[in-house]
1. Please compute one quarter of the surface area of the Cα convex hull for segment 36-174 and express it in square nanometres.
2. Counting other beta carbons within 10 Å of each residue's own, what order do 172, 70 fall into, fewest first?
3. Taking neighbour Cβ counts within 10 Å as the exposure measure, how do 76, 96, 108 sort from fewest upward?
4. So for 99, 106, 133, fewest C-beta neighbours within 10 Å to most, what's the order?
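Each reported figure results from applying straightforward, stated rules to the coordinates on display, with no laboratory input. Just so we're clear, the structure is a prediction, and the values are computed from it rather than from any experiment. We place every Cβ from the backbone using ideal geometry, glycine too, and count neighbours over all the protein chains shown.
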């Protein structure tokens, strides 16, 4: 009788872990099976009801913000893009929905300073109905880094797309 609860607990633990691994594995296959839309700088791609166009990508040693000058530990990857909302409701996009891929395949998340560089206070930006706005994304990158791709996940896909085993890329732009 004393062995039964231990066996039941072990069976439960193995089942839960197995289901979790199966779930994560199947999600990765689905995410990798989705065709990612690609474009170059200057070409609009629609994601989450917005038309995004990458205007410029560069690296810098110094970042000039209103009332502040920051020097990079390595370098800053700076991507300027436009977001246009032709829909019927405002759209809010978190900065963490973007990532930068450099020429070596290294991945970078936007730095906290992206909000200030875009004139925002929080961790996202909004585009009102019928309007467009400029957004500046700032990434802390290695000194030898050259931006190669800007990728975005559809923010409506939820946190699993952002933090799952595969970043579910909705669109990406070749830089340079």
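1. Computed as one quarter of the Cα hull surface, the answer is 8.0 nm².
2. 70, 172
3. Least to most surrounded, the residues fall as 96, 108, 76.
4. If I rank by nearby Cβ atoms, fewest first, I get 106, 133, 99.
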